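Encoded as structure tokens, the structure appears first; notes follow it.
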Amino acid sequence: MTHTKDFKSRGYLRIFASYYKPHWKLFLLDMVCALCICLVDLLFPMVSRAAMQDLLPNKLYTAFFAVMAALALAYVLKGVFYFIVTYWGHLLGVRMEADIRRDLFTHMQDLSFAFYDKNRTGQLMSRVTGDLFEITELAHHGPEDLFISSVTILGAFGIMLTIRWQLALVVFAVIPIFILFTSLTRKKMMKASIEVKAKLAGINGEVESSISGMRTAKAFANEDAESAKFNAANDQFRGAKRGYYRVMAFYQSGMEFFMGILSVVVIAFGGFLIMKEQMDFIDLTTFALYVTTFITPIRKLSAFVEQFMQGMAGFKRFVELMRVEPDIQDAPDARELTGVKGDILVDDVTFRYESSPEPVLEHVTLHVSPGETVAVVGPSGGGKSTLCQLIPRFYDATQGRILVDGQDVRELKQHSLRAQIGIVQQDVFLFAGTIYDNIRYGRPDATEAEIVEAAKRAEIYDDIMEMPNGFQTQVGERGVMLSGGQKQRVSIARIFLKNPPILILDEATSALDSVTEARIQSAFDALAVGRTTLIIAHRLSTIRSAHRIIVIDGCGIAEEGTHQQLMERNGEYAKLYQAQKSVSV
């Protein structure tokens, strides 16, 4: 169940219950064993009373010890049932948590770039890990504790009615008080628990940011500032936790009072009935045993309320995220993109980010023929990368449309569209793992020979061979063990391996030295033959061989033509070229 509409149309409890369905056999086993545990607890006082009233006075000692042996066996079985409930019940919770985490991760993969622009990684990590931790306990202990408590309370009450109904009513009168007290504190506990989880997510966000930026913090000697930011978030969390524990302490202390006063009431009222000769000591002893049996499930219900508050607080945050609609979705009748030639048409496109009222691109029209290489240049922030992100539909155009081989990208399945496009980005991301795995990411089913060939074409093979473990060298978190140029070339090797019909090179050689850049450039030229290629570059010397050069100036296309044509025009491109040339000199 991963559809957003399912989460929007169903209530929290119904959604939670749906995760039991794939594991109903395990859930049934858990409940049957829980029922057996209840029966053993309920039988002991009743059997003991019968033994003391009938067997001992009549000197039926053999029968008495046989009954005691049967009770001992019953407790052995109870131990076995507890093992099943504890072990398999927890596994049930873990499996449900894994299912919930799977659905959440799958949903997060469907969410568009705009969602990640607005949400911090650490806070999302808190939702995927921390928030779901209590769900395991709730999934296991919740139904089990509620079931055991309900059966035990009702069973004990029924048996106590047969012994002395007046005293049974006094004992059962505690239940409405318990329910009233619980309902009064429930909302406060839920609100406090949700606040704690929100503050914890904030801490995770600060920690993720601080750890990722540790080198920058050290470079600027700003460790104290980072500590101050973390301490501020930590203090907020501590305050929220203090509020939660205050409400919980009030609840627990109230429950302890009710539980303690119950025993006093039973002994006092039972003593009064004995004085009136309406009850004997054996019945009062049996009642005392049942009160103990009665108190245990009430304590379980008390613990369940706390557990329910924490678990459902995390579950509500999970559902809240699952109800977020992806900005970019496949149309119901979306088609597969196959047999791509590489014809791209940007048709009167205007685009603005949600956070900005000003358009990044305005009324841009551009046609790229199959096999053509088009370079996109212009000042930083002018919309070059944004234009190229619209083609694989990382964002949707605010106005206008983008066509690939004459088909609107909004009418194509996103996966099939992006499978035909190879992107080398300016900000290279490498996964923690080996160089081999990072290159193979371009095409997971590639052979070792193909991966080696891709590394050679990306001019990274010699560097890899000089490393202690060759292709099995660990790159570290985000590729920190490699130089900037090596990371860039590993990402380029991925594209050589993917071998797509459309290439988008977003500052693909920005981290390379001039010699390596020249070698990579020749490899790109070879790869671009017969493919549609869009090149975003600041170094204008690297794009002179492009069929066409587009100059984007902040709203749209300012100039268009070959290098020679644009130089002769002496416009924006010529100014950029001359400025770079003078800086180089």
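In segment 538-556, the residues that are in the same structural domain as G400 (by TED's automatic domain parsing) and in a helix (DSSP H, G or I) reach residues that are modelled with pLDDT of 85 or more and buried (at least 16 other Cβ atoms within 10 Å of the Cβ) with C-beta atoms within less than 8 angstrom, at least six apart or across chains, in these pairs: L540/V377; T542/I535.
Take the residues in segment 51-72 that are at pLDDT below 80 and surrounded by 14 or more Cβ atoms within 10 Å (Cβ to Cβ), then tell me which one is farthest from V151 (Cα to Cα). So, considering only residues that are at pLDDT below 80 and surrounded by 14 or more Cβ atoms within 10 Å (Cβ to Cβ), the one farthest from V151 (Cα to Cα) is L55. Here M481 meets each of (1) under 19 Å from L503 (Cα atoms); (2) touching a strand residue (DSSP E or B) at 6+ places or on another chain (Cβ under 7 Å); (3) part of a loop (DSSP other than H, G, I, E, B) with one exception, condition (1). Every condition in (1) modelled with pLDDT of 80 or more; (2) more than 27 Å from G371 (Cβ to Cβ) holds for G554 except the one numbered (1).
Looking across segment 320-379 at every residue that is free of Cβ contacts under 8 Å to residues at least 60 places away in the same chain and hydroxyl-bearing (S, T, Y), the one that is surrounded by the fewest Cβ atoms within 10 Å (Cβ to Cβ) is identified as S356.
Of the numbered criteria (1) assigned to a helix (DSSP H, G or I); (2) without any contact (Cβ under 8 Å) to a residue 40 or more places away in the chain, the one G254 fails is (2).
The helices (runs of 4 or more DSSP H) found wholly in segment 156-244 and carrying at least 3 residues that are at pLDDT below 75 and either of a type outside the set (S, T, N, Q) or farther than 28 Å from L132 by Cα (or both) occupy 174-212, 214-219. Go through segment 143-180 and give me each residue that's in contact with a helix residue (DSSP H, G or I) (Cβ under 6 Å, 6 or more places away or on another chain), closer than 22 Å to F269 by Cβ and of a type in the set (S, T, Y). Once the filter is applied, which keeps residues that are in contact with a helix residue (DSSP H, G or I) (Cβ under 6 Å, 6 or more places away or on another chain), closer than 22 Å to F269 by Cβ and of a type in the set (S, T, Y), segment 143-180 yields only T152. Of all the listed residues (A249, A268), the sole one being assigned by TED's automatic domain parsing to the domain that holds R49, closer than 21 Å to F157 by Cβ, loosely packed, with under 13 Cβ neighbours inside 10 Å and without any contact (Cβ under 8 Å) to a residue 24 or more places away in the chain is A268. Taken residue by residue, segment 389-399 has at least one member that is buried (at least 17 other Cβ atoms within 10 Å of the Cβ) and either out of contact with any helix residue (DSSP H, G or I) (no Cβ under 9 Å at 6 or more places or on another chain) or on the phi > 0 side of the Ramachandran plot (or both). Looking for something more than 37 Å from the chain's Cα centre (by Cα), charged (D, E, K, R), more than 30 Å from E559 (Cα to Cα) and at pLDDT below 80 - is there at least one such residue anywhere in segment 297-304? For segment 297-304, residues more than 37 Å from the chain's Cα centre (by Cα), charged (D, E, K, R), more than 30 Å from E559 (Cα to Cα) and at pLDDT below 80: absent.
Hey, any hits in segment 88-96 for a residue that's at pLDDT 85 or above and of a type in the set (G, A, S)? No, there is no match, as no residue in segment 88-96 is at pLDDT 85 or above and of a type in the set (G, A, S). Exactly one residue out of A51, A69 is under 21 Å from T292 (Cα atoms) and small (G, A, S), and it is A51. If I filter segment 566-583 for residues that are in a loop (DSSP other than H, G, I, E, B), touching a strand residue (DSSP E or B) at 6+ places or on another chain (Cβ under 7 Å), on the phi > 0 side of the Ramachandran plot and modelled with pLDDT under 85, do I get at least one hit? Scanning segment 566-583 turns up no residue that is in a loop (DSSP other than H, G, I, E, B), touching a strand residue (DSSP E or B) at 6+ places or on another chain (Cβ under 7 Å), on the phi > 0 side of the Ramachandran plot and modelled with pLDDT under 85.
The values are calculated or read from the model by the stated rules, or taken from the named source; none is laboratory data. Since we're looking at a predicted model, the values are computed, not measured. So basically every Cβ, Gly included, is an ideal-geometry build from the backbone, and we count neighbours across all protein chains shown.
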